[in-house]
Structure formats: C-alpha cells, structure tokens
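The values are calculated or read from the model by the stated rules, or taken from the named source; none is laboratory data. These figures come from a predicted structure and were not determined experimentally. Cβ sites come from the backbone with ideal geometry, for glycine too, and all protein chains shown count toward neighbours. Accessible surface is based on the protein model in full, side chains and every heavy atom, while ligands, DNA and RNA are left aside. Shrake-Rupley method; radii C 1.70, N 1.55, O 1.52, S 1.80 Å.
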Amino acid sequence: MTEAKAPYARGGSAEDASVEEAGLRFEVDGEIATITLARPDKRNAQTFATWSALARIGENLPEQVRVVVVNGEGPSFSAGIDLRMFTPEGVPGQGSFGSVARQDQASFDTTVERAQQGFLWLRRPEIVSIAAVQGHAIGAGFQLALACDLRIVADDVKFCMKEPALGLVPDLTGTKPLVDLVGPAKATDLCLTARVVGAEEAYRIGLAEQVVAPGELAEAVQEKAAQLLSTDRDAAAATKRLLRGAPGRTLEEQCAAERAEQGLRIRALFARGE
Ligand code: ACO
C-alpha cells in the first residue's frame, strides 16, 4: 500500500493544512483509496481543515481509483464538528463560529460551499464510496457517512443528527441523502428529535446496507470493495449515473437515459471487440 504524497502546501490556514495536519490519512492501494479520520483521542472531531483536506483529496483522486473507503480510527467514526468551533478562541488557525457569524451571506456561502465540496465528490459516478462506521457518527460524522454511497456499520453504531439540538441545521450535504434513504417523515423524526439510531434500526430503515461485529468491519468493507471491483469499470459508472439520476426523472425520461447510456456502452463494447 502506498501512502499518497499529499500535493498540499503546509501552512496555518484550514485551506493550507496538509492531510495529516487536518487529522486525516489518505492511502491508495490499486483501485481502492482509503480515507481515515485519524484523531481518535478527539473522537475524530471535524474542523474546516478536515473538510478542506477532504475536498482536495477528491480533487486529486488518482484516476485508477474505483472504490473509496471512509473510516474512522478508534471507538467512534466521528463525534461531529470540533466543539472548539463554538468557543471564542475557536480552533487554532481556523477561527470560530464567532468569526463565521460576522461574515455576510455571500462570504458565508463561500465558506460552507467549500466545506460541502469535501463531501459532494464522494457521490461521483466514477467511484463507489463506502463509509465504515463504528460507534458514534454524530452531526458532521453522520453527514459524512451519508455522503457515501454505501454504509457498512458495526453493531455498536450510534447515528445522531445533533445539529437542531445545537441551534443549527445539518448543512454538510446530509439532508438530501437522508431524505432519499429514509423518506421525509423518518428524516424529520431523526433530525428534529436528534435521537440516536442504533444498528438494528439503521439497517431496518435503509441507513445501513450491512451490520457486522466491530471486529469484522474492516474485513466486511474489503469484501464489499472486492465485489464492487468485479464489475466493468465503465458500465459501473454508467449504471451509477442512471441510478443517481432516477429519482429526479419520470419513467419515460429514465428509459431515455437508459437508452442513451446503453448506446454508449454497446458502441464501446463493439469498438473494443473490433
Ligand atoms: N469536538 C471536540 N472534541 C471532542 C468532540 C467534539 N465534537 N467529541 C469528543 N471530543 C473529545 C473530548 O473532549 C475528549 O477530549 P479530552 O480527552 O481531551 O477530554 C475526547 O474527545 C474523548 O471524548 P469523551 O467524551 O471522553 O469520549 P466518550 O467515548 O465518552 O464519548 C461522545 C464520545 C459521545 C462522542 C462524546 O464525546 C460527545 O458527545 N461528543 C460531542 C458530540 C457533539 O455534540 N458533536 C457535535 C455535533 S453537531 C455537528 O457536527 C455540526
């Protein structure tokens, strides 16, 4: 396994922090990339630097990668946003919500949009992302798991959308996948009560594809990655485009999209066979 040399400058700001300084590890092994939240002593709490580093990993993802695993070191996947952001001192080099609150809406949009870019790329058609989730996945941690295509969880998982309890809304791209997965009524229940969802319920309502014992999580994720790599790369990307686009299309539009993708596939296969 090779540890990707981060093409990121070192510096004091969230944007400049290296992957390691942002509390992450990024490794590429053939067609599988692994992102590890690596601040277990702080339960993998996330900062602006975390999201900025995630965005840069997405922007620089090696082309051969087809599966991206997102996992967290230690007992918790992620305890959400670093609570120091709510203190007057904030996180060293990154300020606090106090400073963010003084931004006008346009600057605020830019700040949050950059953070959201750390999550959005995990849905790209060219890859399948898998969140390997154990222990707490709170707030931004829950949203990071939701940003992935699939969630394989340990039976001690505790999902919690805590933002509304703290006077905030979930804004790290999590609301749409949550509604898509569990429907608006259940999403309302989960968000507006900020209650904890354990493994059994997560599996039952479609938040998790698979539940395993904590000690079996890594192996289960590797098995899923191997299964995902067993299909044709281009056909997998085209199929993911179709599946992702399906909720926003009528049946007729979806049929047209299937024909368009299949035309490309057939022509590519025929050209390959010649
Ligand atoms: N931000 C900063 N530090 C954190 C965070 C966090 N979100 N979560 C945990 N830590 C730190 C603790 O301060 C503690 O540090 P210390 O050892 O220096 O005192 C260390 O991580 C371990 O935390 P414990 O609370 O001792 O761990 P435990 O396993 O008992 O509990 C739990 C884990 C339940 C996750 C608890 O830490 C917690 O409730 N954290 C806050 C969760 C939260 O409210 N997150 C914000 C969600 S909203 C959003 O993300 C936008």
| Accessible area per residue in Å² at 1.4 Å probe, computed on segment 233-273 | 72 Å²
| note | Note to self, the chain gives a 222 nm [θ] from helices alone (DSSP H runs n ≥ 4, -39500 (n - 2.57) apiece, / all residues, nearest 500) of -12500 deg cm²/dmol
| Between segment 113-139 and segment 168-232, what is the C-alpha centre distance in whole Å? | 11 Å
| field | With all protein chains modelled, accessible area of Ser99 [1.4 Å, Å²] | value | 50 Å²
| field | Listed peptides 226-233, 245-252, 89-96 by packing density, highest first (mean Cβ within 10 Å) | value | 89-96, 226-233, 245-252
| request: Among Pro247, Ala271, Ala257, flag the residue with its Cα farthest along the positive direction of the charge dipole of segment 233-273, charges on Cβ as +1 for Lys/Arg and -1 for Asp/Glu. | output: Ala271
| note | Quick calc, the chain, dipole around Cα centre from Cβ unit charges on Lys, Arg (+) and Asp, Glu (-), nearest 20 debye, gives 360 debye
| remark: Once all protein chains are kept in place, Phe142 shows an accessible area at probe 1.4 Å, nearest 10 Å², of 0 Å²
| For Glu21, what accessible area in Å² do you get when you roll a 1.4 Å probe over the heavy atoms of the protein chains, rounding to the nearest 10? | 100 Å²
| Carbon and sulfur atoms: what percent of the 1.4 Å accessible area of segment 3-229 do they account for? | 55 percent
| remark: So for segment 3-229, using the alpha carbon gyration tensor with a ≥ b ≥ c as root eigenvalues (a/c under 1.5 gives rounded; past that, a/b versus b/c decides prolate or oblate), I'd call it oblate
| said: Please list, by residue number, everything in segment 210-235 whose backbone N is under 19 Å from a paramagnetic label point 7 Å out along Cα→Cβ of Ala257. | reply: 234-235
